[in-house]
Amino acid sequence: MKNVAIIGGGPIGLYTAIKLARRGNKVTLFEKKSWPIDKVCGQGIMPSGVNNLLDIGIVFNPNTSFNFNSIEYIEDKYSLHGDLHGHAIGLKRTELSEQLFKIASLEPNINLRPETKIDSINEKENHYTLSISSNELSFDFIFACDGLNSWTRKSTGHSKKRVFASRVGARVHYTTPPWSNSVQVYWSNSIEAYVTPISNKQIEVAFLWFQDSIQSKSDLRNKLLSHFPLLKDKLDEKQSQNDFRGYGPFSEVSSTIANKNLFFIGDAYHFLDGITGEGISLGMKASNIITDSFENFRTKHRVKIFLLYLNYSIWTHLALLMSRSRSMRRVIFFLAKRNKRVFDYILKLNDLSLS
């Protein structure tokens with residue numbers, strides 16, 4: 001049994017805590033907020049992520065989630081439909097947080113510490129100490145799961161700047177029945193809008209854009225919607241939940257997946273872009289590799305994680321090129337519609353798992 005600390009109680013932190021605890025380790029999870037935790041994101045979970053969540057005991061309630069198995073890409077009169085290789089789920093982030101929290105709360109090997117601020121992290125000869133309100137706690141391993149703006153990453157000197165143009169995101173929810181059984185992605189120049197059904201009575205509209213494509217932050221929500229007249233016509237602003245929030249820019253990543261007994265998982269390690277919807281699923285895949293091997297983490301485990309992110313990076317960068325270029329989008333739409341089986345296979349590759 002190892003004494004381990006997890007910093008960050010989002011979905012990846014809670015998932016990692018459950019996996020480690022069930023392997024017989026003593027886990028303390030530190031979270032600066034209290035559960036359930038909200039976050040600006042697309043709220044769609046791809047098939048591999050759904051399978052990992054089912055494996056730890058998540059139950060998807062049809063009243064608070066939505067099954068989908070396809071994605072539809074739309075721009076003006078052009079559209080492209082792709083089938084996923086399994087069932088995906090639209091699920092509000094607070095609902096996912098609540099369910100993971102309940103499972104973690106039942107694990108005897110997990111000590112949950114909400115509303116806890118860590119003052120410093122210090123590496124000793126063969127362990128780490130965390131300073132919290134003048135108290136020092138000692139741990140064999142540290143797992144940083146504290147997200148895009150990871151405090152752990154910055155405090156330990158492992159942050160580095162992304163080399164690609166900065167992107168930002170935002171979201172808003174509407175109380176309205178979904179008009180499609182697919183996740184819909186609406187394209188405009190350098191901006192995308194994602195419509196994810198998250199129950200039979202609710203949808204989320206999320207936006208991602210290059211930071212230089214919208215200069216002013218005033219009246220941002222209407223400016224974003226103005227790029228998507230087809231989508232705007234489908235929305236009744238009276239049904240808006242008025243919870244519009246922004247997030248980003250996505251400007252830093254970790255310089256390493258692991259340094260001695262310190263690991264970075266999920267967005268704390270590397271946030272590529274939300275454009276392909278793989279964030280949570282990718283974080284859980286990496287978590288599976290790390291939690292199975294952290295006591296003897298070797299080059300082969302680094303390579304597995306590298307390949308996961310390389311695969312995701314290929315499709316992400318292709319999608320970002322499409323976001324910048326209307327002509328490229330039109331060509332991809334044309335080719336994909338003529339070769340639907342190939343396009344469906346590409347969607348499967350995007351959600352690749354490595355056992």
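The values are calculated or read from the model by the stated rules, or taken from the named source; none is laboratory data. Treat the numbers as computed from the prediction; the structure is a model and nothing was measured. Here Cβ is always computed from backbone atoms with ideal geometry, including for glycine, and neighbour counts include all displayed protein chains. Areas reflect the complete protein model, heavy atoms only, side chains present, ligands, DNA and RNA absent. Shrake-Rupley method; radii C 1.70, N 1.55, O 1.52, S 1.80 Å.
Take the Cβ-Cβ distance between SER105 and MET1 as r, set R0 to 22 Å, and report the resulting FRET efficiency rounded to the nearest 0.05.
The calculated FRET efficiency here is 0.65.
Figure the gain on full extension for LYS160 and LEU310 (residue separation times 0.36 nm, minus the Cα-Cα span) and round it to one decimal in nm.
52.2 nm
Using 32 Å as the Cα-Cα cut-off, could you pick out the over-long pairs in LYS160/LYS234; LYS232/LYS304; LYS33/LYS124?
LYS160/LYS234; LYS232/LYS304
For LYS161, give me every one of the aspartates and glutamates with a C-alpha distance below 18 angstrom, ignoring sequence neighbours fewer than eight places off in its own chain.
Partners found: ASP146, ASP212, GLU252, ASP267, ASP273.
Keeping all protein chains in position, work out how much accessible area LYS201 exposes to a 1.4 Å probe, and write it in Å² to the nearest 10.
We get 150 Å² for LYS201.
How many angstrom separate the Cα center of region 84-107 from the Cα center of region 290-334?
23 Å
Mind checking the angle between helix 279-293 and the chain's longest principal axis? C-alpha axes, 0 to 90 degrees, to the nearest 10.
Taking the Cα atoms of the chain, the angle to 279-293 is about 30 degrees.
How many percent of the accessible area of region 1-155 is carbon or sulfur, using a 1.4 Å probe?
Carbon plus sulfur share of accessible area: 45 percent.
Order of 76-82, 38-44 by packing, highest average Cβ count within 10 Å first?
For the peptides 76-82, 38-44, the packing ranking is 38-44, 76-82.
Can you give the Rg/Rh ratio of region 1-77, where Rg is from the C-alpha atoms and Rh is the Kirkwood radius?
Expressed as Rg/Rh, it is 1.08.
Using 0.36 nm times the number of residues separating HIS87 and VAL342, minus their current alpha carbon distance, what extension gain do you get?
In short, 89.9 nm is gained.
Rolling a 1.4 Å sphere over the protein heavy atoms, what is the accessible area per residue of region 203-291, to the nearest Å²?
Averaged over the residues of region 203-291, the accessible area is 40 Å².
For a quick protection proxy, order the peptides 4-13, 309-318 by their average other-Cβ count within 10 Å, most packed first.
In decreasing order of mean packing, 4-13, 309-318 become 4-13, 309-318.
Dipole of the chain (Lys/Arg Cβ +1, Asp/Glu Cβ -1, origin at the Cα centre): which of ILE332, TYR174, SER134 lies farthest to the positive side?
Of the candidates, ILE332 comes out farthest on the positive side.
How far, in degrees from 0 to 90, does helix 326-338 lean away from the longest principal axis of the Cα atoms of the chain, to the nearest 10?
Relative to the chain, helix 326-338 is tipped by roughly 90 degrees.
Any idea what % of Cα-Cα pairs in the chain are farther than 29 Å?
For the chain, the fraction of Cα-Cα distances above 29 Å is 39 percent.
With all protein chains present and a 1.4 Å probe, how do LYS33, LYS19, LYS260, LYS340 order by accessible area, largest first?
LYS260, LYS33, LYS340, LYS19
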